[in-house]
Amino acid sequence: MTAADRWIGALHESSQRLGHAVADLPADRLAEASFAEGWTIGQVLSHLGSGAEISTTLVERGLKGDERGPVREELLPVWERWDAMSPVEQRAAWREADERHLALLDSVGPGQRTSLRVPYFAGLLDLASYAGYRLSEQAVHAWDVMVALDERAVLAAPDVALLWERIDLVATRFRDADALTRLAPQRVRVELTDPGQALLLDIDTELHLYPTPPTDPTSLLTGPAESTLRLVYGRNRPQDPLTATGSISLDDLRTLFPGF
């Protein structure tokens, strides 16, 4: 199994879980708030669906050797069309766009899986890296929906394991610049209780998560990998089993990681 196979397989499984969760929701439930600030459940599905539609176009370009990335002028009509749909229409259209995107990824042959370059928002990406970006979107926004339906919802363990492989990229890219300036310098020891592992969250002029713990930490963050991952993705909740001690607080970390 290639790296791309792992990420694409996880995309399939996450999509199936979300599909089961929303399949029978009536229109009024689809219009209820999700965990994503300002978005209903239907709007989260619209975001995922329009993203799948745009991503399908970008993968098709990559397969043709076309390296043109997305531009706002071509994206606006897509977003406007999805925004104009009713919640029920958004659910149906998400499913259709998502299935088409996954079918296209499945159709990429073994040779192309290593050579393909997708002109994505983050640049020209190999297929595994591209699928990693898509899983971040899919898994985290699926949680936005599922936790609105059941407050006990958590990210699936296989998704957590995969998304931890790219956590430094996410933490570095989606940190709040003002909070970074205010909090730096800090060397936070991150103790993951499930699995047992210690890391370094280095808050300085740049921010990075390193796989080895600091020898001279200024603070300590403790909790399971799933809750810590959601914190970095801007999805922390007061009831999450995370504790912060030392010179940095959970409120500081929530501000540092506002999410997307």
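Counting Lys +1, Arg +1, Asp -1, Glu -1, what net charge surrounds Ser50 among other residues with beta carbon under 14 Å of its beta carbon?
-2
At q = 0.11, 0.15, 0.16 Å⁻¹, what log₁₀ I(q)/I(0) does a Debye calculation on the Cα points of the stretch 130-251 give, no solvent, two decimals?
So the normalised log intensities are -0.36, -0.68, -0.77.
Please give me the summed charge of the neighbours of Leu199: other residues whose Cβ is under 12 Å from its Cβ, Lys and Arg +1, Asp and Glu -1.
The answer is -1.
Starting from the stretch 1-52, pick out the trypsin sites (Lys or Arg not before Pro) whose DSSP state is loop and whose Cβ has at most 12 other Cβ atoms within 10 Å.
Hits after loop and neighbour filter: nothing returned.
Compute the label zone of Gln112 within the stretch 35-76: residues whose backbone N is under 11 Å from the point 7 Å along Cα-to-Cβ.
Hits in the stretch 35-76 for Gln112 at 11 Å: 59-65.
Run the paramagnetic zone check for Asp194: 7 angstrom along Cα to Cβ, then residues of the stretch 156-176 with backbone nitrogen under 12 Å.
Under cut-off, by backbone N: 156-157.
I need to check one value: relative contact order of the chain, counting alpha carbon pairs closer than 8 Å and at least 6 residues apart, in percent.
17
Quote the Stokes-Einstein diffusion coefficient, in whole µm² s⁻¹, for the stretch 186-260, based on the Kirkwood radius over alpha carbon pairs, a temperature of 10 °C and a viscosity of 1.306 mPa s.
Translational diffusion coefficient: 131 µm²/s.
At 0.36 nm per residue, minus the direct Cα-Cα distance, what do Thr181 and Glu13 gain on full extension? Give it in nm, one decimal, please.
This chain segment gains 56.6 nm when fully extended.
Once amide H atoms are placed 1.01 Å from N in the peptide plane, what residues at a sequence separation of 5 or more from Tyr120, or on another chain, have their amide H within under 5 Å of its amide H?
It is Leu125, by chain and number.
Testing the spin-label approximation: label points 7 Å from Cα along Cα→Cβ at Lys64 and Gln239. State their distance in nm.
Distance between label points: 4.9 nm.
What 222 nm value per residue comes from the helices of the chain, counting each DSSP H run with n ≥ 4 as -39,500 (n - 2.57) and dividing by all residues, nearest 500 deg cm²/dmol?
-17500 deg cm²/dmol
Given the Cα-Cα distance of Asp5 and Glu206 and 0.36 nm per residue of separation, how much length would full extension add, in nm?
69.2 nm is the gain from fully extending Asp5 to Glu206.
For the stretch 1-128, I need the span (max minus min coordinate) of the C-alpha atoms along each principal axis, in Å, sorted largest to smallest.
Result, largest extent first: 46, 35, 22 Å.
What FRET efficiency would be calculated for the residue pair Glu80, Leu149, taking the C-beta separation as r and a Förster radius of 35 Å, to the nearest 0.05?
Efficiency computed from Cβ-Cβ geometry: 0.80.
For the residue pair Ala157 and Asp28, what label-to-label distance in nm results when each label sits 7 Å from Cα along the Cα-to-beta-carbon direction?
Spacing of the two 7 Å Cα→Cβ label points: 3.8 nm.
If you take all C-alpha pairs in the chain, what percent of them are over 34 Å apart?
21
Read the figures in this text as sums done on the coordinates, not as results from a lab. What you see is a predicted model; the values in this text were computed from it and never measured. Here Cβ is always computed from backbone atoms with ideal geometry, including for glycine, and neighbour counts include all displayed protein chains.
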